[in-house]
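Step one of this worksheet: look at the structure below.
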Number of protein chains: 2
Amino acid sequence: MTTFVFGHKSPDTDSTGSAIIWSWYLNQIKGVDAAPKLLGEPNTEAAFMLQHWGLDKPEIIADVADDQPVVIVDTNNPAELPANINGADIQAIIDHHKLVGGLETKGPINIRIEPVACTATIMWKMIGADLAQAPREIKGAMLTCILSDTLEFRSPTTTQEDKAVAYSLAEDLGVDIAAYAADMFAAKSDVSAFSDAELLRMDSKEYAVDGTKFRVSVLETTAPGVVLDRKASLMETMTSVAKEDGVDQVLLFVVDILKEEATLLVPNDLVRSLASKSFDATAEGDTVVLPGVMSRKKQIIPNLAI
Amino acid sequence: MTTFVFGHKSPDTDSTGSAIIWSWYLNQIKGVDAAPKLLGEPNTEAAFMLQHWGLDKPEIIADVADDQPVVIVDTNNPAELPANINGADIQAIIDHHKLVGGLETKGPINIRIEPVACTATIMWKMIGADLAQAPREIKGAMLTCILSDTLEFRSPTTTQEDKAVAYSLAEDLGVDIAAYAADMFAAKSDVSAFSDAELLRMDSKEYAVDGTKFRVSVLETTAPGVVLDRKASLMETMTSVAKEDGVDQVLLFVVDILKEEATLLVPNDLVRSLASKSFDATAEGDTVVLPGVMSRKKQIIPNLAI
């Protein structure tokens, strides 16, 4: 039976690319029949990666059957995985997020979680010398994942390991990191095709503070004006999205990759208070700028308070 | 603050030895102030290892304080860890058991779980070339852990990796594996000092089948007669131990390491039926022999049915 390799719902570049990288490794190096899958449409940056490196878009699946062999990459959170994930035969987990609890395996399996910025960085270490056998597009996917998750090394999640792997891949591939990252971020910033609800859900994780449930959305962009021009309708849409998704409030952080700051939309007093208590920031109008804030994992989630 | 490194409650050789090995690595190689701890008295084989290699017995702790930095080895099961484990600052997990769920970390950390027989085998790979700097007693602890968890390579959990590491360590140390393992198993088999209740709890894990809770105890020994001579009082004690521990039934499997079989005590019809449904074994009297059964993880737990 083919092993399915997939990352989280609302797939970003790392969840898409890591699934492709690990499927290549399983197929070509380990002799395991494996295929990458997606749990939804990839974001525009992930789509750019597929197109740029000539990679096929993985099939999108809605759920997994009982006993389906799977490898989970870039998450260990059941809420971000198919509903039947604990019915599947989980073969391995490769991730770089905090352990959430909730996944169970039928026997001992390979689990590798490390506090680096990107799943592909961990895979680079696990694949080791066998990477020499990888085609350009696999190495290209790896480089794209690292530049994406580190925001070209600007994110505070970036480690020396991520940088070392990225520079080594770029050298090998003959890729100019600055020029390539600019193309990636331009693709990520092109959100004109998405509805307000899609934007609010695109890169978001649910998180509870003292019993209040938030959908914490982050939009990383080099053109924040494009998103902020839509702030009125985005804030209006937050109410219906929160209701549909069973949370109390949607938070939208528009991260300006180049200026290295986030703008938080402030639709009401709950978010106004949150901005003050979490980031010591006073929101006068319906937005507030948070200088230096780029990482949900390192800077937003750990500080959230109401 | 000193990082505490510990394995599971009722510490066996791997839980004791791996904590010592990893503390050495953190202190001497990584420059992290770390100390091994125990969550109870080590078993007789673990005590033999400490004495044989001249290792200090780690301090026994009852619980961990909030934000205490800890590294968890040889388990990922909160039920086998201090009550406040999720209040601690979990820095890393190194284990070879199935993922149970329930542990949560405050941020992304190092987690390495692999389906090998022994935690020390994973550590050998993680330590890599730095092992050359390890003193004899650290390498000796590693070898002891592997011989213990594999029952000198007899257990079906044994992998080629476990064997390769053990032979390499034995060669390096000039240890005759057969003679040394015989000494280890003799130490493990010397259970005369333990009360019936202590024997029933010594190497046991809780496991539920269709809502019925079992304490699944395994006694690995080269002298099964010593234990089986006590079967009447052991079976009597099962009732009070089950009551105190909040389970429905204690199961005791006496594993004969040399004959490679287990004897299950059969105190009542529940266990008689379990023997039949789990192992296709008919218990005529108050014991039943299960040929080839040596591993709780691979052979007992996956087959339990009532």
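A few notes on this one:
- Boolean, residue B:106 is closer than 30 Å to residue A:100 by Cα and surrounded by fewer than 20 Cβ atoms within 10 Å (Cβ to Cβ): yes
- Take the conditions (1) assigned to a helix (DSSP H, G or I); (2) within 14 Å of another protein chain (Cβ to nearest Cβ); (3) under 17 Å from the mean Cα position of the chain (by Cα); residue A:156 misses just one of them, which is (1).
- Yes/no for residue B:21 being closer than 30 Å to residue B:191 by Cβ and either of a type in the set (A, V, I, L, M, F, W, C) or buried (at least 23 other Cβ atoms within 10 Å of the Cβ) (or both): yes
- Enumeration of residues in region B:53-97 that are modelled with pLDDT of 95 or more, over 18 Å from the mean Cα position of the chain (by Cα) and at the interface with chain A (Cβ under 9 Å from one of its Cβ atoms): B:90
- Checking B:198, B:220, B:261 one by one, the residue that is touching a strand residue (DSSP E or B) at 6+ places or on another chain (Cβ under 6 Å) and free of Cβ contacts under 8 Å to residues at least 40 places away in the same chain is B:261 and no other.
- Residue A:227 vs. criteria in contact with a Leu (Cβ under 6 Å, 6 or more places away or on another chain) and closer than 16 Å to residue A:289 by Cβ: yes
- Residue match in region A:132-144 (condition: at pLDDT 95 or above and in contact with a Lys or Arg (Cβ under 8 Å, 6 or more places away or on another chain)): no
- Any chance residue A:31 is in a helix (DSSP H, G or I) and modelled with pLDDT of 95 or more: no
This table checks each residue for (1) at the interface with another protein chain (Cβ under 7 Å from one of its Cβ atoms); (2) touching a residue at least 40 places away in the same chain (Cβ under 8 Å).
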residue: B:99; (1), (2): yes, no
residue: B:105; (1), (2): yes, no
residue: B:110; (1), (2): yes, no
residue: B:122; (1), (2): no, no
residue: B:132; (1), (2): no, no
residue: B:139; (1), (2): no, no
residue: B:145; (1), (2): no, yes
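- Residue within region B:207-228 that is in a helix (DSSP H, G or I) and under 27 Å from residue B:97 (Cβ atoms) present: yes
- Residue in region B:155-172 that is touching a helix residue (DSSP H, G or I) at 6+ places or on another chain (Cβ under 9 Å), among the acidic types (Asp, Glu) and crowded, with 21+ Cβ neighbours inside 10 Å present: yes
- Any chance residue B:45 is under 16 Å from the mean Cα position of the chain (by Cα), at pLDDT 95 or above and outside any strand (DSSP E or B): yes
- For residue B:176, the stated conditions hold: it is over 19 Å from the mean Cα position of the chain (by Cα), within 26 Å of residue B:260 (Cβ to Cβ), more than 14 Å from chain A (Cβ to nearest Cβ) and of a type in the set (Asp, Glu).
- Residues of region B:288-306 satisfying the condition of being surrounded by fewer than 19 Cβ atoms within 10 Å (Cβ to Cβ) and either part of a strand (DSSP E or B) or within 13 Å of another protein chain (Cβ to nearest Cβ) (or both): B:289, B:291, B:298, B:301, B:302, B:303
- Residue check, residue B:152 surrounded by fewer than 20 Cβ atoms within 10 Å (Cβ to Cβ) and touching a Lys or Arg at 6+ places or on another chain (Cβ under 9 Å): no
- No other residue among A:289, A:271, A:247 is among the hydrophobic types (A, V, I, L, M, F, W, C) and more than 21 Å from residue A:210 (Cβ to Cβ) apart from A:289.
The values are calculated or read from the model by the stated rules, or taken from the named source; none is laboratory data. All figures in this text were calculated on a predicted structure; none of them were measured in a lab. When we count neighbours, we look across all protein chains shown, and the Cβ atoms used for this are built from the backbone with ideal geometry, even at glycine.
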